[in-house]
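Written out below as structure tokens is the structure these notes cover.
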Amino acid sequence: MELSTLDYTLIAGFFSLVLIIGIYVSKKSGKNTTEFFLSGRSMPWWLLGFSMVATTFSTDTPNLVTDIVRKNGVSGNWVWWAFLLTGLLTVFVYAKLWRRSDVNTDMEFYDLRYGGKPAHFLRGFRSVYLGIVFNIMAMSAVTLAAIKIGQVMLGLTPIETVLIGGTITVIFSAVGGFRGVVYTDFVLFFVAIIGAVGAAIYLVNLPEVGGVANLISHENVSGKLSILPDFSDTEALIGLLIIPLAIQWWSAWYPGGEPGGGGYIAQRMLAAKNESHAIGATFFFNIMHYALRPWPWILVALASLVIYPDIASIQEAFPNVEESKLGHDLAYSAMLTKLPSGLLGIVLASLGAAYMSTISTHLNWGSSYVVNDFYKQQIRKEASEKELVLVGRITTVILMVFSAIFALFLTNALQLFDIIIMFGAGTGLIFILRWFWWRINSWSEISAMFISGLVSILFNLTDLGTTFFGGATPTGEMVEGIMPGWAKFPVVVLITTIVWVVTMLATKPEDKEVLYKFYKKTQPGGPGWEKVRQQAKQDGVSLGEEDDKKWTVPSGILAMILGCVLVYGCMFATGNWIYGNYGLAVGLSIAVVVAAILLKRVWNTIKTDIL
């Protein structure tokens with residue numbers, strides 16, 4: 001495939017704009033760590049909301065969605081759609097708590113909520129564990145997608161793709177800091193969405209596909225259109241829908257979908273002007289992320305089943321692609337090679353935008369952990385702000401290098417998604433409860449973190465997993481397990497939960513002074529803190545002005561439920577409008593309007609006026 005002069009001009013202009021923005025804000029971003037990692041806590045909700053959407057609009061996301069749709073149909077996306085529940089719980093319950101905490105990173109939360117050496121260890125260990133190890137894994141998935149796009153669309157080798165994309169991204173990330181990331185995200189969002197929608201419209205109307213009507217009636221596609229899995233297929237129903245909605249959303253830790261908020265979502269909430277702006281940003285993100293954005297990718301994935309029905313057809317069309325990189329996720333890039341000049345340049349720029357937005361966020365977020373929660377706490381407590389910013393910039397470069405190297409050894413995005421989901425299984429309930437139950441202590445989190453990782457390794461990387469849950473042996477033979485394959489995730493959650501609950505009950509609670517300080521700072525309220533409030537009264541300690549106010553969490557949960565109806569309704573309605581099921585689409589659209597009206601009323605009761 002050859003790019004025209006117009007394509008090259010569009011791509012070059014876009015990358016130049018990004019670098020200019022990064023350089024423009026570099027002086028202000030380099031003042032101190034608060035500016036470099038949080039933009040001075042001055043960001044408005046709409047700018048942060050666009051940044052969250054752009055960050056999760058990654059090069060590996062359309063590849064992941066394509067992989068899912070080609071293997072499991074549209075309904076397979078519930079594996080990540082289910083995270084809307086925890087996303088909206090963050091919006092209506094946790095966003096204001098994070099903003100009140102006034103910490104610099106969500107890792108700093110550990111020294112606020114817990115006390116002593118265990119809390120200090122937890123903060124330092126998780127800053128390395130998440131900021132470096134998990135962060136590198138997440139970035140490598142994004143870089144893998146860029147490698148596949150480079151091979152299929154541009155004929156680049158993996159190393160060439162990494163050098164080109166990585167160099168530009170790391171430069172503006174290192175010099176521009178968080179402010180540069182957020183400002184460029186705003187531009188990147190519009191470039192990315194225009195490219196995705198434009199590609200979907202053009203590719204669905206290719207002569208080989210014949211438009212939406214012919215697409216949805218095609219024999220390769222008709223069985224994969226349903227938004228809900230086949231209810232007569234018990235195994236698919238349990239694995240694709242019931243487990244994600246009943247267990248996964250609250251129990252699993254995943255970047256961007258952390259129960260109770262965390263990671264780069266928490267970073268943006270902490271950078272907001274105030275609590276209302278933190279809530280507004282996260283709500284905007286969840287609507288865009290789940291309700292509207294997936295459909296262009298889904299349409300391209302379905303169209304790819306017509307043109308490239310299997311992996312062999314992809315390999316035949318692109319013989320130069322390395323065999324280790326072949327997979328269903330490659331179909332998205334394969335489809336993009338059919339775009340015309342001009343649109344091709346916009347789409348390639350949009351993919352570059354998606355890559356840079358996600359990688360720059362992960363680089364800044366990961367380096368914030370290393371600087372604030374490891375280097376400053378464990379290495380040089382007396383380090384100056386100038387030194388800390390320098391360490392942040394050096395860390396940014398190092399994270400980029402290692403994630404690029406790791407990406408060269410991966411095969412597909414779904415492979416890494418499954419590993420990350422399993423490693424966080426069972427830890428999510430602690431992240432939800434630790435705000436509202438005084439008895440949760442640092443040992444609870446330490447035990448959950450280690451047992452979840454250990455059990456996941458045993459079940460995924462040893463013969464034990466095959467024995468219990470079936471699957472492929474090292475020789476490639478498929479065997480039946482003692483339990484069905486879908487039971488693996490719930491078993492990990494159950495084991496992890498039992499271990500951390502037993503550990504919590506067997507260890508001492510946090511000192512009352514630590515609990516008093518946390519309550520005064522965040523005002524969580526609720527029956528889970530009643531014992532602490534009573535103890536404080538006996539000690540003559542005031543826990544703050546909101547101690548006697550109505551607890552807003554029940555209203556927040558009601559808002560979450562109405563929000564789910566609104567967002568899932570938007571998602572279902574959009575799909576049915578596309579499919580031509582107009583009667584159902586109208587009914588769903590009405591349900592969305594009703595949910596929005598009711599949500600506004602509930603929202604007003606918890607005082608979340610963002611404007």
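The values are calculated or read from the model by the stated rules, or taken from the named source; none is laboratory data. What you see is a predicted model; the values in this text were computed from it and never measured. Using ideal geometry, Cβ is built from the backbone for each residue, glycine included, and neighbour counts are taken over all protein chains shown.
Listed here are the residues, each with its yes/no results for (1) in contact (Cβ under 8 Å) with a residue 60 or more places away in the chain; (2) over 29 Å from the mean Cα position of the chain (by Cα); (3) outside any helix (DSSP H, G or I).
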site: Arg533; (1), (2), (3): no, yes, no
site: Ala536; (1), (2), (3): no, yes, no
site: Pro554; (1), (2), (3): no, no, no
site: Ile561; (1), (2), (3): no, no, no
site: Cys570; (1), (2), (3): yes, no, no
site: Ile590; (1), (2), (3): no, yes, no
site: Val594; (1), (2), (3): no, no, no
*Mind listing whichever residues of the range 172-192 are among the hydrophobic types (A, V, I, L, M, F, W, C) and touching a residue at least 60 places away in the same chain (Cβ under 8 Å)?*
Phe172, Ala174, Val175, Phe178, Val181, Val182, Phe186, Val187, Leu188, Phe189, Val191, Ala192
_For Thr496: the one exception among (1) within 21 Å of Ile242 (Cα to Cα); (2) surrounded by fewer than 21 Cβ atoms within 10 Å (Cβ to Cβ); (3) touching a Gly at 6+ places or on another chain (Cβ under 8 Å)_ = (2)
*Give the residues of the range 53-90 that are assigned to a helix (DSSP H, G or I) and touching a Gly at 6+ places or on another chain (Cβ under 7 Å), sorted by residue number.*
Thr56, Asp67, Ile68, Val69, Thr86, Gly87, Leu88, Thr90
*Looking at (1) among the polar types (S, T, N, Q); (2) modelled with pLDDT of 80 or more; (3) surrounded by 15 or more Cβ atoms within 10 Å (Cβ to Cβ), can you tell me which one Thr411 breaks?*
(2)
*Given the residues Thr496, Thr503, which is the only one that is closer than 25 Å to Gly263 by Cβ and modelled with pLDDT of 95 or more?*
Thr503
*With the condition kept exactly as written, say whether any residue in the range 22-39 is surrounded by 23 or more Cβ atoms within 10 Å (Cβ to Cβ), at positive phi and modelled with pLDDT under 75.*
yes
*Only residues that are closer than 11 Å to Arg439 by Cα, in a helix (DSSP H, G or I) and in contact (Cβ under 8 Å) with a residue 24 or more places away in the chain: list them for the range 502-514, please.*
Met504, Lys512
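Being closer than 30 Å to Asn274 by Cα and either more than 22 Å from the chain's Cα centre (by Cα) or assigned to a helix (DSSP H, G or I) (or both) is true for just one of Leu599, Leu584. Which residue is that?
Working: Leu584 fails: closer than 30 Å to Asn274 by Cα.
Exactly one residue qualifies, and that residue is Leu599.
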_Test: Ile265 is buried (at least 18 other Cβ atoms within 10 Å of the Cβ) and either outside any helix (DSSP H, G or I) or within 15 Å of the chain's Cα centre (by Cα) (or both)_ = yes
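Rundown of residues vs (1) hydrophobic (A, V, I, L, M, F, W, C); (2) crowded, with 20+ Cβ neighbours inside 10 Å; (3) within 30 Å of Tyr579 (Cα to Cα), yes/no style:
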residue: Gly155; (1), (2), (3): no, no, no
residue: Val170; (1), (2), (3): yes, yes, no
residue: Val181; (1), (2), (3): yes, yes, no
residue: Gly210; (1), (2), (3): no, no, yes
_Being of a type in the set (Gly, Ala, Ser) and either in a strand (DSSP E or B) or under 23 Å from the mean Cα position of the chain (by Cα) (or both) is the filter here; which residues of the range 452-471 pass it?_
Ser452, Gly453, Ser456, Gly471
